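Q: Here it is, the structure in full.
Here, each number is a calculation from the coordinates, and none is a lab measurement. Everything quoted here is computed from the prediction, not taken from an experiment. Because the Cβ atoms are built from the backbone with ideal geometry, glycine has one as well, and the counts that use them run over all protein chains shown.
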Ligand SMILES: [Zn+2]
């Protein structure tokens, strides 16, 4: 297929691959549907911000949200955020380790799987109409791992790997599930144990 396209393409001053363009539009559409910010789309495709804005408008019937990308790594360390980040990253890591899916497509596929989890559906923030971990945050998280700012650390109590800052001491690390913050413990004490897992 790509050979056919190549053969037909006439070398002009500035050749632009129709196939690449189509793939970029498909990729951008998938990310827009998952709620990606414009900056993410610009980083992952060769499409102009004008075309991306139009695409966003066609899909969501509104302009894309403006503002900076969330650069904080600390955000992923809070209780719910850490559990959701860990869930997403575990899916992502499994995909890139055991399947052919790589790059941003792996982020898209992992995020789609993340959204299908019951815990994620239950924790959906109705006010912001967003899951705990937005697509843009998930995409940033993968970037943080790639730039060596974050890692997976194994909890010394439950033996499960959780998202942590890089250089978290592996010896004696205790995860947020084994040692939840006091406010969460107080909240959980008021609830029946059966609903414990329904809260994140
Ligand atoms: Zn633990």
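Q: For a protection proxy built on the mean count of beta-carbon atoms within 10 angstrom, sort 167-178, 33-44, 72-83 highest first, please. Could you put the intermediate results ahead of the total?
A: Working: 167-178: 13.5, 33-44: 19.3, 72-83: 16.6.
The densest-packed peptide leads the list: 33-44, 72-83, 167-178.
Q: How much length, in nm to one decimal, is gained on full extension between residue 97 and residue 148, taken as 0.36 nm per residue of separation minus their Cα-Cα distance?
A: On the way: separation 51, 0.36 × 51 = 18.36 nm, distance 1.78 nm.
So the extension gain works out to 16.6 nm.
Q: At a Förster radius of 41 Å, what calculated FRET efficiency corresponds to the Cβ-Cβ distance of residue 127 and residue 18, to the nearest 0.05? Kindly include the intermediate steps, with their values, before the conclusion.
A: Numbers: r = 42 Å, r/R0 = 1.04.
For residue 127 and residue 18, the calculated efficiency is 0.45.
Q: Could you let me know the centre-to-centre spacing of the stretch 59-75 and the stretch 89-168, using Cα atoms, in angstrom?
A: 17 Å
Q: Send over the semi-axes of the chain's equivalent ellipsoid, whole angstrom and largest first, taken as the square roots of 5 times the C-alpha gyration tensor eigenvalues. Walk me through the numbers on the way to the answer.
A: Values: eigenvalues 282, 77, 42 Å².
Semi-axes (√(5λ), whole Å): 38, 20, 14.
Q: Which whole-number percent is the relative contact order of the chain (Cα, under 8 Å, 6+ apart)? Write down the numbers at each step before the final one.
A: Numbers: 203 pairs, mean separation 37.4, N = 200.
Computed value for the chain: 19 percent relative contact order.
Q: Using 7 Å Cα-to-Cβ label points, what is the residue 105/residue 187 separation (nm, one decimal)?
A: The two pseudo-label positions are separated by 3.9 nm.
Q: Just order 105-118, 51-64 by mean Cβ neighbour count inside 10 Å, highest at the front, would you?
A: The packing order, highest mean first, is 105-118, 51-64.
Q: How big is Rg to Rh over the stretch 47-151, alpha-carbon atoms, Rh as the Kirkwood inverse-mean-distance radius?
A: Working: Rg = 14.6 Å, Rh = 15.0 Å.
Result for the stretch 47-151 is an Rg/Rh of 0.98.
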